[in-house]
Amino acid sequence: MSGALDLQDVQFAYDGDDVVRGVSLTVAPGEIVCLLGPSGCGKTTCLRIAAGLERLTRGTVRVGGRQVASKDVHVPPEQRRVGLVLQDFALFPHLTVAQNVAFGVQNRDKSTRDQQILDLLDQVDLKAYADAWPHQLSGGQQQRVALARALAPEPYVMLMDEPFSGLDVTLRADVRQRAVAVLKSRAVPTLIVTHDPDEALAVADRIIIMRDGRVLQAGTPEEVYLNPVDPFVMTFFGAPNHLMGSVQNGKVATLFGPISASPSLEGENVAIYFRGTALTLAKPGDGVPMRVEDARLLGPVQRLILTSEGLDTPLIMEQPRRHAVKIGEMVAVCATLDEFHMFSANTHG
Ligand SMILES: Nc1ncnc2c1ncn2[C@@H]1O[C@H](COP(=O)(O)OP(=O)(O)OP(=O)(O)O)[C@@H](O)[C@H]1O
């Protein structure tokens with residue numbers, strides 16, 4: 001079945017340098033997909049190719065089932081029925097809020113159009129600002145105008161490039177949730193480019209992780225967070241700890257106890273990655289004795305840096321604030337071994 005947006009084996013180079021290397025991705029009807037990856041991995045270029053702002057060198061793009069790009073076809077952006085929201089919102093400064101939103105729907109009859117614009121402004125809570133100028137609005141309000149403007153022509157798919165990263169951090173979560181609520185209530189399929197894993201976890205139905213111009217993994221937030229395919233995906237979502245070991249008789253010995261390994265890793269050196277939340281305090285004598293080298297309050301959690309005799313590098317643990325300990329204390333630490341992820345030491349993160 002074809003999605004609202006389909007990229008198949010898309011390739012693109014800037015000045016002979018491949019920056020998108022065979023990317024395939026789909027946004028299904030009604031779905032919000034985040035394209036996630038570090039700076040420079042090619043996310044924005046994929047979005048620009050989908051929008052028609054760049055021409056691919058190989059592969060195809062379909063919007064609403066219609067082929068809009070291939071090596072020989074290039075439908076211009078304004079004929080693709082895609083909505084575009086950019087990081088800087090790009091509102092027209094000389095048009096009012098209502099005129100900005102009406103910009104893309106000039107060809108409908110005036111009363112239908114006016115009603116539609118008012119409905120949209122109502123939905124993004126900006127009806128009272130219809131006659132205001134963009135410079136009179138806060139960043140969050142400008143973002144909502146940009147969203148309403150992109151929605152007005154009823155696009156088959158919405159493309160958003162880092163739409164929330166220009167906003168003050170105190171505003172961001174709220175603006176984001178409102179935007180997602182509007183997109184969901186209108187069932188607009190959406191591709192959001194972001195470099196922020198927390199943002200992707202907060203808004204996406206599905207996350208596609210890119211690195212070096214390629215898709216590494218695609219799945220629900222739970223799938224990519226809990227079952228990362230490699231150390232890069234694991235550490236991208238925050239996994240500061242890793243231990244080295246080797247697989248003998250189906251197991252790897254660690255200071256927290258033996259861990260089962262898949263038969264394919266028998267005899268291999270492995271790297272075991274885990275998050276700070278996989279460690280917990282134990283009763284004295286029940287866990288591994290460790291010294292608290294540093295302890296910091298990070299909002300609801302306390303982050304500890306722990307050392308132990310059997311370790312070359314310190315471990316990071318995150319625990320509820322109510323169990324707070326002090327720098328210099330000796331503590332006993334145990335681990336939830338189910339949350340340890342093992343990769344061949346030849347798989348690089
Ligand atoms: N106009 C351009 N000319 C030449 N190279 C470019 C151009 N735009 C982007 N690039 C390069 O292409 C690669 C991919 O850039 P792209 O903007 O798609 O990455 P990104 O993952 O969106 O990163 P960021 O979040 O930093 O924008 C980078 O190496 C970048 O330097």
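The values are calculated or read from the model by the stated rules, or taken from the named source; none is laboratory data. All values derive from a computational prediction rather than experimental measurement. Note: ideal-geometry Cβ built from the backbone for every residue, glycine included; neighbour counts use all protein chains shown. Remember, those area values only see protein heavy atoms, side chains included, never the ligands or the DNA or RNA. Shrake-Rupley method; radii C 1.70, N 1.55, O 1.52, S 1.80 Å.
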| said: What are the pairs with Cβ atoms under 7 angstrom where one residue, in the range 317-333, is at pLDDT 95 or above and the other, located anywhere, is open to solvent by 100 Å² or more (accessible area, probe 1.4 Å) and among the charged types (D, E, K, R)? Sequence gap at least six, or different chains. | reply: A332/K283; A332/D286
| the range 181-201 residues that are assigned by TED's automatic domain parsing to the domain that holds V82, paired with ones that are of a type in the set (D, E) (beta carbon under 7 Å, 6 or more apart) | P189/E31; V193/D161; V193/E162; T194/E162
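Can R296 be described as outside the structural domain of P197 (by TED's automatic domain parsing), basic (K, R) and assigned to a helix (DSSP H, G or I)?
Working: outside the structural domain of P197 (by TED's automatic domain parsing): yes; basic (K, R): yes; assigned to a helix (DSSP H, G or I): no.
In short, no.
Quick check on the range 52-65. Is at least one of its residues within 15 Å of the ligand (Cβ to nearest atom), open to solvent by less than 40 Å² (accessible area, probe 1.4 Å) and either more than 16 Å from D161 (Cβ to Cβ) or not charged (D, E, K, R) (or both)? So that I can check it myself, show each step before the final result.
Start the filter on the range 52-65 by keeping residues that are within 15 Å of the ligand (Cβ to nearest atom), which leaves 53-57.
Next, only the ones that are open to solvent by less than 40 Å² (accessible area, probe 1.4 Å) stay: 54, 56.
Applying the additional criterion that residues be either more than 16 Å from D161 (Cβ to Cβ) or not charged (D, E, K, R) (or both) yields 56.
Yes, some residue in the range 52-65 is within 15 Å of the ligand (Cβ to nearest atom), open to solvent by less than 40 Å² (accessible area, probe 1.4 Å) and either more than 16 Å from D161 (Cβ to Cβ) or not charged (D, E, K, R) (or both).
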| field | Single residue of Q115, Q87 found to be modelled with pLDDT under 95 and touching a strand residue (DSSP E or B) at 6+ places or on another chain (Cβ under 7 Å) | value | Q87
| field | Check on H135, over 17 Å from F12 (Cβ atoms) and free of Cβ contacts under 8 Å to residues at least 40 places away in the same chain | value | no
| task | Return the residue satisfying two criteria in turn: it lies in the range 17-33 and is over 13 Å from I209 (Cα atoms) and of a type in the set (G, A, S), and of such residues it is farthest from the ligand (Cβ to nearest atom). | result | G30
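Report yes if some residue within the range 66-85 is open to solvent by less than 80 Å² (accessible area, probe 1.4 Å) and part of a helix (DSSP H, G or I); otherwise report no. Outline the logic, then answer.
In the first step, residues of the range 66-85 are kept if they are open to solvent by less than 80 Å² (accessible area, probe 1.4 Å); the result is 67-70, 73-77, 80, 82-85.
Restricting the remaining residues to those that are part of a helix (DSSP H, G or I) gives 77.
Yes.
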| What single numbered condition from (1) closer than 18 Å to A335 by Cα; (2) outside any strand (DSSP E or B) fails to hold for P289? | (2)
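Restricting attention to the range 188-244, and to residues there that are acidic (D, E) and within 14 Å of the ligand (Cβ to nearest atom), which single residue is nearest to S344 (Cα to Cα)?
Looking at the filtered set, the residue picked out is D212.
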| request: Of all residues in the range 90-115, count the ones that are assigned to a loop (DSSP other than H, G, I, E, B), open to solvent by 20 Å² or more (accessible area, probe 1.4 Å) and not aliphatic (A, V, I, L, M). | output: 7
| Per-region count, the range 36-70, residues among the polar types (S, T, N, Q) and free of Cβ contacts under 8 Å to residues at least 12 places away in the same chain | 1
| request: Have a look at L121, L47, L126, L36 and point out the one that is in contact with a helix residue (DSSP H, G or I) (Cβ under 7 Å, 6 or more places away or on another chain), within 25 Å of I192 (Cα to Cα) and within 16 Å of the ligand (Cβ to nearest atom). | output: L36
| request: Evaluate the following for C46: is it farther than 21 Å from P76 by Cα and buried (at least 23 other Cβ atoms within 10 Å of the Cβ)? | output: no
| remark: Per the list (1) more than 15 Å from the ligand (Cβ to nearest atom); (2) hydroxyl-bearing (S, T, Y); (3) loosely packed, with under 14 Cβ neighbours inside 10 Å, residue check on Y14 breaks on (1)
| remark: Screening G287, G310 for residues that are at pLDDT below 95, buried (at least 16 other Cβ atoms within 10 Å of the Cβ) and in the same structural domain as P263 (by TED's automatic domain parsing) leaves only G287
